[in-house]
Amino acid sequence: MKCIRIGFIGTGFQGRDLIRRLAEKESYVKVTAVSDINRESAQETADLYGLKVYATGQELIASQEVDAVAVTSWGETHEEYVLQAIAHNKPVFCEKPLATTREGCMKIVKAELDAGKKYVQVGFMRRFDRRYQDLKKVLDSKEAGNILLMHCAHRNKEVGATYTSDMVVTDMMVHEIDIVRWLTGKEIMAVQILKPKSSIHANQNTNFPLYGIFELEDGTIVDVEANAAAYFGYEVTCEVVGENAVVSLPQMNPVTVKAKNKKEEFLPSLWTERFDQAYEDEILAWAESLKKGKADGPDSFDGYMAAVCTDACLQSLHEGGRILTDKMERPNLFIK
């Protein structure tokens, strides 16, 4: 089988990490090219893995020496690169967000509809987390009966000084938006964002945590705590209340220490620790889809619906109240 040559646009932390994972695990795909606005970063990565450096992402995509593209660059650039990859008939993995606006996401959806083919996998890595997959298997079995409520929490230990309340929605809560849609198979019809009393650990002029209420199309209610300054560590939880059972997301198995008349459990401090395996399974699944010639995983319609829901959340955050999400029916091309 011909080796599939992959070009990476963006050689920051995420890009380098995914390049490393492919280099260590795969034989039928090979990262051969990189590009980054920071030429020094691109060259350093190229030197590590023997890659060709392209001056721009556009040149990399257009190259006849690149068969597939991974976009791990700054979010504002994603729309242009993904659209160009589709125009060149090349599969593309795109880290979230698919685009920074719902209009940009819709352009990508329409480009695939016009081509009559799915090209895009979006980087919602939680779908590849084995604990979430176990949870979904139980829910799909209907053992719990119809879902009535879901309780979700997404807690970061701390974030940088420039982190904003808007970013709690677009960087953190967006994962709950996608995972709720995936777990239930239902769209989010309305949202409301509440601002509880802010933590002493929150940044100046921001509000951490935020509290979201999502209404699904079948009447299920989901509540989401998104806290960017939890202080104690990194944690993601999900509890599903069904008619017949309550199903909880399995946690990591932290090391437990008993000493000095107390028992301590050590939690991860970063999302990279909690979802390390999920990131690997995600990029390897994309590599497998290249081999099969069929795009799998979260698609551009999922990226579009995430943008629709985050826009509604931001509107509620700033204006208050319950906001409808203007749900769109999933086109046939994107029905799995």
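The values are calculated or read from the model by the stated rules, or taken from the named source; none is laboratory data. Computed from a predicted structure; not experimentally measured. A quick note on method: Cβ atoms are made from the backbone with ideal geometry, for glycine too, and the neighbour counts reach across all protein chains shown.
Total residues in the stretch 176-191 satisfying the condition of being touching a strand residue (DSSP E or B) at 6+ places or on another chain (Cβ under 7 Å), in contact (Cβ under 8 Å) with a residue 60 or more places away in the chain and assigned to a helix (DSSP H, G or I): the figure is 2. Of the helices (runs of 4 or more DSSP H) contained entirely in the stretch 51-126, those carrying at least 2 residues that are within 20 Å of the chain's Cα centre (by Cα) and more than 19 Å from residue 17 (Cβ to Cβ) fall at 78-87, 102-115. Just one of the numbered conditions (1) on the phi > 0 side of the Ramachandran plot; (2) at pLDDT 95 or above is not true of residue 176: (1). In the set (1) surrounded by 18 or more Cβ atoms within 10 Å (Cβ to Cβ); (2) closer than 23 Å to residue 298 by Cβ; (3) charged (D, E, K, R), residue 76 fails one condition alone, (1).
Of the numbered criteria (1) under 18 Å from residue 141 (Cα atoms); (2) crowded, with 18+ Cβ neighbours inside 10 Å; (3) of a type in the set (Val, Ile, Thr), the one residue 206 fails is (1). Could you tell me whether the stretch 24-33 includes any residue that is surrounded by fewer than 22 Cβ atoms within 10 Å (Cβ to Cβ), assigned to a helix (DSSP H, G or I) and aromatic (Phe, Trp, Tyr)? No, because not a single residue in the stretch 24-33 is surrounded by fewer than 22 Cβ atoms within 10 Å (Cβ to Cβ), assigned to a helix (DSSP H, G or I) and aromatic (Phe, Trp, Tyr).
Would you confirm, using the coordinates I've provided, whether residue 267 is touching a Gly at 6+ places or on another chain (Cβ under 8 Å), over 30 Å from residue 142 (Cβ atoms), of a type outside the set (S, T, N, Q) and outside the structural domain of residue 121 (by TED's automatic domain parsing)? Yes, satisfied. Within the stretch 234-257, the set of residues being touching a strand residue (DSSP E or B) at 6+ places or on another chain (Cβ under 8 Å), more than 16 Å from residue 179 (Cα to Cα), at pLDDT below 95 and surrounded by 15 or more Cβ atoms within 10 Å (Cβ to Cβ) comprises 234 only. In the stretch 226-312, counting only strands (runs of 3 or more DSSP E) that sit wholly within it, the ones holding 1 or more residues that are farther than 17 Å from residue 174 by Cα and acidic (Asp, Glu) span 235-242, 262-265. Among the residues of the stretch 219-233, at least one is among the acidic types (Asp, Glu), under 22 Å from residue 183 (Cβ atoms) and modelled with pLDDT of 85 or more. When the stretch 1-10 is limited to residues that are touching a residue at least 40 places away in the same chain (Cβ under 8 Å) and either touching a strand residue (DSSP E or B) at 6+ places or on another chain (Cβ under 9 Å) or polar (S, T, N, Q) (or both), the one that is farthest from residue 60 (Cα to Cα) turns out to be 4.
Please go through the stretch 8-49 and pick out each residue that is small (Gly, Ala, Ser) and at pLDDT 95 or above.
Matches in the stretch 8-49: 10, 12, 15, 33, 35, 41, 42, 46.
Yes/no per residue for (1) assigned by TED's automatic domain parsing to the domain that holds residue 112; (2) under 30 Å from residue 16 (Cβ atoms); (3) under 16 Å from the mean Cα position of the chain (by Cα):
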| residue | (1), (2), (3) |
| --- | --- |
| 250 | no, yes, no |
| 256 | no, no, no |
| 261 | no, no, no |
| 284 | yes, yes, yes |
| 287 | yes, yes, no |
| 316 | no, no, no |
| 320 | no, no, no |
| 328 | no, no, no |
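Checked against (1) within 18 Å of residue 298 (Cα to Cα); (2) of a type in the set (S, T, N, Q); (3) not assigned by TED's automatic domain parsing to the domain that holds residue 224, residue 133 meets all criteria but (3).
Only residues that are surrounded by 13 or more Cβ atoms within 10 Å (Cβ to Cβ) and not in a strand (DSSP E or B): list them for the stretch 135-163, please. 135, 136, 138, 139, 144, 156, 157, 158, 159, 163 - these are the residues of the stretch 135-163 that are surrounded by 13 or more Cβ atoms within 10 Å (Cβ to Cβ) and not in a strand (DSSP E or B).
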